[in-house]
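The structure appears right after this line, and notes come after that.
The values are calculated or read from the model by the stated rules, or taken from the named source; none is laboratory data. Because the structure is predicted, anything quoted here is derived from the model rather than measured. Counting neighbours? That spans all protein chains shown, and the Cβs are built from the backbone with ideal geometry, glycine included. Ligands, DNA and RNA are stripped out before the accessible areas are found, and what is left, the full protein with its side chains, is counted by its heavy atoms. Shrake-Rupley method; radii C 1.70, N 1.55, O 1.52, S 1.80 Å.
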Amino acid sequence: MEKLKIIGGNKLSGSISCSGAKNAALPMLAATILSDKAITFKNLPYLQDITTMFEILGSMGADISLNENMDFTISTSNLHDFEARYELVKTMRASILVLGSLVARHGFARIALPGGCAIGTRPVDFHLDALEKLGAKIELKNGYIEASSKKLRGCEITFPGVSVTGTENIMMAAVLASGKTYIKNAAKEPEIIDLANCLRLMGARIDGDGTSNIVIEGVNKLAGCNYDVLPDRIETATFLVAAAITRGKLTLTHTRPDTIKVIIDKLKKAGANISIKNDIINIAVKSKLDAVNITTNPYPDFPTDMQAQFIALNSISKGKSKVVESVFENRFMHVQELVRMGANIDINGNTAIINGVKDLTGAPVMATDLRASASLILAGLVAKGETIVDRIYHIDRGYECIEEKLTKIGANIKRLPQ
Ligand code: EPZ
């Protein structure tokens, strides 16, 4: 397996252009199933998860092409198969996102049940119960979900808990259903709004996206469109933490500062100097920051996808801090690896208590999930000596060319061959 070798101690400085959002692109790629017209995306990030979604669409018969500007055009007018196979779904849970579109447009879907993953059991009961309410017949057979419906019918759906992909799946199912669908307790993430914007460009009738209550009036047919994917707020926030942890000075371009207000406020509270101008964020950190308390919750609160990165930052900041993980039940897998680098962290249930230490020391560590791997890289950037991060296929799922981007701003980081 490939590894990353990091020699810590360099202060990062320079400018980085942020990529398109993985978690906005994945539902939009699934939404191409809803129309028999081609859809072209600008700013799709070059990530393993995007490639996996291409493989799923391609296995169904979608036509995927790339132009000289790296814009991808997807046409699903000739699908011959409505299945997402286990071999692909086991590598990416977000494969479940094709379920709503397939049933809405083709009346049938056979999707491998996503298993659990490192951060939790992550069931899909909210998705299935809501789809059943829209009139789909759902059967679980041999580890697969089989969903069928002649025509979905709009209705009122209240999610028992906030679910990002659950909300997205039902939005995509509802846009071609007959009548109106009212989604209550919907997720409010910026990626939900981006999906709604893309669906509206295709001709869907959607209101309330970005709030807890989304109203969708079904239409008979959707058109194609050209869409520019939202900048990735988690990648942007991760690079802000990279500047903070190394006490460097960075300019981030092609960002959406409004989508990471809570992160920017936390970093300012810790003592970072941050300024914003349109889609550009400047950060400068001259001395050790103060540790900050974090509680993760659905948007617009502090995102669970930034919890691991802030635990790494708190580990090397001044003072004691508390981090509460309220979204997933097992998202502290990075903590023991950080402790092996000298961090002082105690876990009690879904709460981590961190006592900032003077220095971290480099060590061989193992990535367990996408954001855990980001936190280990951040720790390696500031640790004394050499850190080897193993199982970095996790990082390639969600960060475009991470070592190239970090090298460009002064990090000493290399990818070691298998
Ligand atoms: C999305 O996952 C993101 N993935 C995750 O990002 C992110 O961490 C998560 O939302 C929370 O923000 C994509 O958008 C592709 P949920 P999702 O459904 O939709 C429980 C990353 O790092 N739940 O909002 O799968 C679930 O177990 C990834 O990019 C049910 O119980 O998350 C969790 O505790 C990691 N039943 C909570 O709800 C369901 O049917 C929130 O999950 C669905 C969810």
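With all protein chains kept in place, the per residue accessible area of the range 75-143 amounts to 44 square angstrom at a probe of 1.4 angstrom.
Taking only Cα atoms, what is the 0 to 90° angle, nearest 10, from helix 261-270's long axis to the longest principal axis of the chain? Once rounded, one gets 10 degrees. Taking the longest Cα principal axis of the chain as reference, the axis of helix 233-245 is set at about 0 degrees. Considering helices alone, the calculated mean residue ellipticity of the chain at 222 nm is -9000 deg cm²/dmol, with DSSP H runs of length four and up weighted by -39500 (n - 2.57) and normalised per residue. The charge dipole of the chain, taken about the Cα centre with unit charges on the Cβ atoms of Lys, Arg (+1) and Asp, Glu (-1), comes to about 1040 debye, rounded to the nearest 20. Of the residues MET28, VAL162, PRO257, the one whose Cα sits farthest towards the positive end of the charge dipole of the chain is PRO257 (charges of +1 on Lys and Arg Cβ, -1 on Asp and Glu Cβ, taken about the Cα centre). Its Kirkwood hydrodynamic radius, worked out from the mean inverse distance over all distinct Cα pairs, puts the chain at 21.9 Å. At full extension, CYS401 and LYS42 could sit 127.5 nm farther apart than now, given 0.36 nm per residue minus the alpha carbon distance. The dipole here belongs to the range 335-418: it is taken about the Cα centre, uses +1 on the Cβ of Lys and Arg and -1 on the Cβ of Asp and Glu, and is about 140 debye. Quick check: the distance between the Cα centres of the range 11-58 and the range 178-230, to the nearest angstrom? First find each Cα centre; the distance between them is then 18 Å. Loop-resident trypsin sites (Lys or Arg not before Pro) (DSSP state other than H, G, I, E or B) in the range 323-418 with no more than 12 further Cβ atoms inside 10 Å of their Cβ: LYS358.
Shown in residue order for the range 96-109 are the 3J(HN,Hα) couplings computed by the Karplus curve 6.51 cos²θ - 1.76 cosθ + 1.60 at θ = phi - 60°: 4, 5, 7, 4, x, 5, 4, 5, 5, 8, 10, x, 7, 8 Hz (x for Gly and Pro). When only the Cβ of Lys, Arg, Asp and Glu is charged (+1, +1, -1, -1), the dipole of the range 230-319 relative to its Cα centre reaches about 460 debye. With the simple spin-label model, which puts each label point 7 Å out from Cα in the Cβ direction, the LYS414 to ILE280 separation comes to 3.4 nm. The share of C-alpha pairs in the range 328-399 whose separation exceeds 19 Å stands at 31 percent. Each peptide in 349-357, 269-277 gets a packing score, the mean of other Cβ atoms within 10 Å over its residues, and the list from highest to lowest is 349-357, 269-277.
Per the 1.4 Å probe, what fraction of the accessible area of the range 370-418, in percent, lies on carbon and sulfur atoms? Carbon and sulfur: 55 percent of the exposed surface of the range 370-418. Note that the range 310-325 has calculated 3J(HN,Hα) couplings of 6, 5, 4, 5, 4, 4, 10, 9, 7, x, 9, 9, 10, 10, 10, 9 Hz, one per residue in order, obtained from phi through the Karplus relation 6.51 cos²θ - 1.76 cosθ + 1.60 (θ = phi - 60°); glycine and proline are x.
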